[in-house]
Amino acid sequence: MKENDNDLTEILTQVLNEMKEELGDKFNLETINLAEVERRTGLSRAKLRLIKKNNFVVKPHGLTGRHAPVTLLSGFTGIIDSLLRKGVTNSSVVFERLKDNGFSGGKTIVKDYISAHKELVPAKRQVVAPQGNRGRRYQTPPGESYQMDWGFVEVETENGKSYKVACFAMICHCCGHRYVEFFPNARQENLFIGMIHAFLYMGIPEYILTDNMKSVVIRRDDEGRPIWQKDYELFMGNLGFETRLCKPRHPFTKGAVERLVRFVKENFLPGRIFTELTDLNYEAIRWCDTQNSVYHRAVDCIPVQKHAALCMQHASVLEETVELSYYLCPERRISFDGFVNYEGRRFGVPYWYEQKTCRVKRDGYILYIYDTAMTKVLTTHDVTWSRRDSFCKEQYAVNQPEEHPTAPVKAHIQQLDPKEYDPGFSRFDFEGVAQYE
């Protein structure tokens, strides 16, 4: 029986008053029947003896308020403090970061530590309180609609500089099956690559719900119908899906992917440290696999199970074709010094390739350079994400043509013989017989 001091005092007072009314003048605290008190209160005999020794005054335990000098969180509080100073208060995120660093405890002590150290969290500045909105959620049949959007993240480097990366997100509106990938920018070619990778991961739906982004739509005609960007319109026709646009400045229309972008920023990215964008994408796909395999209350299912059982029965499987490879390998122009620029870095092309353009594809840690017709691989590069130029074999001709004089040479200069080499030991040659070459 676990009671706090106030409740225990109230229970004992009530029991003692009842026994006093029953016994009358025979009632005495010194000779009170502890067995009867035990029966009425449920307290142990040893506990009652201690309380009787204190004249039935309940006192707190002598060790109350003391904490063990070493706990399961010892050695991990620095990680939690750094996350709290960054504004990360989600106990699930903090718990996952601790487990990655070898923490063996549970989530409860992490929650208790966070609640006790809220002073480390920076204050949120909010000029106007949100008024809120009431809307009705709508649902779509399995495999009918996906939602996609871009999100942007600020990356801080070790030298104090920062740059932005783009996060491509796509989610199935029916089951919540999600896909996330990061790119150096949000150009149209990266949009095509992200959509193809998402379709390979999730299948192709009937239509995509998205914003009025420049890489998708140019404008609307007088009747309000969208005028598609020509490359995106060709992309839709080759892959076999349609696109529906949201109302401008109305993000509630595609709230599922908006919430996914926010979830990535609040759950996946906090405290994340990476060395290369490739590593970040490998971690992102593992995170997607984990999130797709757990129960989500918003959709009331495990996304990967429902998507495989229902959505993939209506969505089509993307097959790798020649047209698809052209989107995965964007075209690049070769510079005068034999380099192509891809994702902000320069990679060398062999000198014997005579065309002015080529196609480039990054697959994991390897970058492939193809000819324009995609018939052969010209060269490969190890992607290190360094700002230095990456040279390739045979980028420059070894046996280059040499020019010879066509007129008699009349300019003359003079060259002196080099001085005799002295290794510094001549001062030890007392007989003068040593010879140095």
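Against the numbered list (1) in a loop (DSSP other than H, G, I, E, B); (2) within 30 Å of MET195 (Cα to Cα); (3) over 28 Å from the mean Cα position of the chain (by Cα), ARG387 comes up short only at (3). State whether the residues of the range 384-403 include one that is among the aliphatic types (A, V, I, L, M) and within 30 Å of LEU200 (Cβ to Cβ). Within the range 384-403, not a single residue is among the aliphatic types (A, V, I, L, M) and within 30 Å of LEU200 (Cβ to Cβ).
The rows are residues; the columns are (1) within 30 Å of THR278 (Cβ to Cβ); (2) of a type in the set (Ser, Thr, Tyr); (3) modelled with pLDDT of 90 or more; (4) touching a Phe, Trp or Tyr at 6+ places or on another chain (Cβ under 8 Å).
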| residue | (1), (2), (3), (4) |
| --- | --- |
| VAL127 | no, no, no, no |
| GLU158 | yes, no, no, no |
| ALA169 | yes, no, yes, yes |
| LEU191 | yes, no, yes, yes |
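Note on the range 161-249: enclosed strands (runs of 3 or more DSSP E) holding 3 or more residues that are under 30 Å from ASP300 (Cα atoms) are 162-172, 178-183, 207-210, 242-245.
Cβ-Cβ distance below 6 Å, separation of 6 or more or different chains: which pairs start in the range 369-385 with a residue that is surrounded by 11 or more Cβ atoms within 10 Å (Cβ to Cβ) and end on one that is of a type in the set (Gly, Ala, Ser)? Close Cβ pairs satisfying both conditions: MET374/SER325; HIS381/SER390.
Somewhere in the range 216-236, is a residue touching a strand residue (DSSP E or B) at 6+ places or on another chain (Cβ under 7 Å) and touching a residue at least 60 places away in the same chain (Cβ under 8 Å)? So far as the range 216-236 goes, no, none of its residues is touching a strand residue (DSSP E or B) at 6+ places or on another chain (Cβ under 7 Å) and touching a residue at least 60 places away in the same chain (Cβ under 8 Å). Taking the range 320-350 as the range and being surrounded by 14 or more Cβ atoms within 10 Å (Cβ to Cβ), closer than 18 Å to GLU394 by Cβ and more than 27 Å from the chain's Cα centre (by Cα) as the test, the residues that pass are ILE334, GLY338, PHE339, VAL340, PHE347, GLY348, VAL349, PRO350.
The values are calculated or read from the model by the stated rules, or taken from the named source; none is laboratory data. Bear in mind that the values here come from a model prediction, so they are computed numbers and not experimental data. Every residue, glycine as well, gets a Cβ built from its backbone with ideal geometry; the counts of neighbours run over all protein chains shown.
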